[in-house]
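First the structure, in the form of structure tokens, and then the observations on it.
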Amino acid sequence: MNPANTAALAPLSSLCVQIGVWCAALSLLSAPFRSSATVRAALFVVAGLLLVLASLRERRSLLHIPQGRLLRFSVATWIVFVLLHSLLVSPELRASIASWRGDVLTPTIAALVMYSLVREGAKLTPILGALSISMFILAVMAVLDPARPGIGGHEPAYVNVGWLSTWAVSLAALVPLAWREDAWAAQRSTIIKVGAFVAALAILIAVWQSGNRISWLCLGGMFAIAVLMLRGDQQQHGRLTIVLVTIVIGVSATAFFAASEIRARQFPAAQVDGVSILRQDDRQEIWRAALHTVAEKPVLGYGFRTASATDALVAQYTTPGFAAVFRHAHNLVLNYAIQLGVPGAVIALLLFFSLAHAFWIRRLGPSGVRVAATCGLMLVFGVLLRNMTDDFFGRHAILLFGALLGMLLALSQHESSQSEQA
């Protein structure tokens, strides 16, 4: 069952909630297309306004904030810090405020709206269906137009391969939900599991076609977490758990090196193989340049999502051609440090830590709740690791991240977490 409030909604209020669900579903369904991120965000805003309207009708708030002092503190600190930095420090006020609205405020709204919808008993079928359909479409697009790193300026229909792989890694965290027997009617559980299998296959295809290597390590770590969380308390199956974790890590590592070997073959003139291409990875110089850039302004940074931050980084490159290609630090934490100073990077890490902590606390509930909490831990781990070698913590991907967080926080909410102290 969804963790709905006990108070039944009036018909009009219930209609507002259901329309809100469909707005959220439409926003997430637009993933494969080059539609505006503003339109996606607007749909979540509409859903939020519908909840406000229903709240007035019900004379109680239907907008809820997830439990957890640390979680609330870190999210509030993140929102306020980036806003104040944009207003008081950024040399490009309009650009920073626009980015704050799209990369900080909007995903927070999406998380609150999704959390509230689920807490009020909204049916998840439209949302999960939209995510599955969009993932299937993305996989088909990736098959028809795979990654082509040897072709400069190649722009596939699914925006870019980095965004594609980030979306796939994020959705992989939902796969264990298919085994939440308490959440689905018995007659539909088989359909749900078949749908999850198709979605999982689409995720694997999309990640392979994207050519993104770190995604395989993300998937390996995520499903190792799933095995440990969902089987780790069964002492009689301890050896099997170890075997399963070893298999999961081994398969992901094998896929990682296989993808590296294939990528090396796409640059025959360089005469590299899967191992040497890792040793010669361009990120070594990018990260050195990023650290030098951070050292120049360690406290204040160069402004959130500003051209000044980009210019400061590319000025550090010594290899010809890097300035035209590598326009950011290819690491979420380093990008935050360049833009917002070391305090901004610390706040970003605190945000991820608080999210992981919130799901860790929620793991202590019933079996269905434990599955949702496990999915939350998988999501936080996968997104953070994915953004350690690149940075897609913005617009398209972060809106999805916020929405999934809200849904999983609601599904994993239970009595023992109501009094959570953190």
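The values are calculated or read from the model by the stated rules, or taken from the named source; none is laboratory data. Every value quoted in this text rests on a predicted model; they were computed, and no experiment measured them. Cβ sites come from the backbone with ideal geometry, for glycine too, and all protein chains shown count toward neighbours. Ligands, DNA and RNA are stripped out before the accessible areas are found, and what is left, the full protein with its side chains, is counted by its heavy atoms. Shrake-Rupley method; radii C 1.70, N 1.55, O 1.52, S 1.80 Å.
Data overview
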{"quantity": "Kyte-Doolittle at least 0.5, axis length at least 30 Å by Cα - qualifying DSSP helices, the chain", "calculated": "37-58, 186-210, 238-265, 332-362"}
{"quantity": "Trypsin sites (Lys or Arg not before Pro) within region 47-82: DSSP coil, no more than 16 neighbouring Cβ in 10 Å", "calculated": "59, 60"}
{"quantity": "Accessible area (Å², per residue) of region 288-411, counting only protein heavy atoms and a probe of 1.4 Å", "calculated": "34"}
{"quantity": "Region 12-71 and region 284-311: distance between their alpha carbon centers, rounded to Å", "calculated": "36"}
{"quantity": "Estimated 222 nm signal from helices in the chain, with DSSP H stretches of n ≥ 4 weighted -39500 (n - 2.57), rounded to 500", "calculated": "-23000 deg cm²/dmol"}
{"quantity": "Orientation-averaged projected area, Cα convex hull of region 13-157 (nm²)", "calculated": "11.6"}
{"quantity": "Longest to shortest principal axis, alpha-carbon extents of region 334-385, angstrom", "calculated": "42, 16, 9"}
{"quantity": "Area projected by the alpha carbon convex hull of the chain, averaged over all directions, nm²", "calculated": "21.1"}
{"quantity": "By average C-beta atoms within 10 angstrom, highest first, the peptides 121-127, 218-224", "calculated": "218-224, 121-127"}
{"quantity": "Neighbour net charge for residue 106 - beta-carbon separation under 15 angstrom, K R +1, D E -1", "calculated": "+3"}
{"quantity": "Pairwise FRET efficiency - residue 271 versus residue 73, Cβ, R0 = 41 Å, nearest 0.05", "calculated": "0.20"}
{"quantity": "Carbon and sulfur %, accessible surface of the chain computed with the full protein complex present, 1.4 Å", "calculated": "68"}
{"quantity": "Per residue accessible area in Å² of region 78-146, where ligands, DNA and RNA are left out and the probe is 1.4 Å", "calculated": "40"}
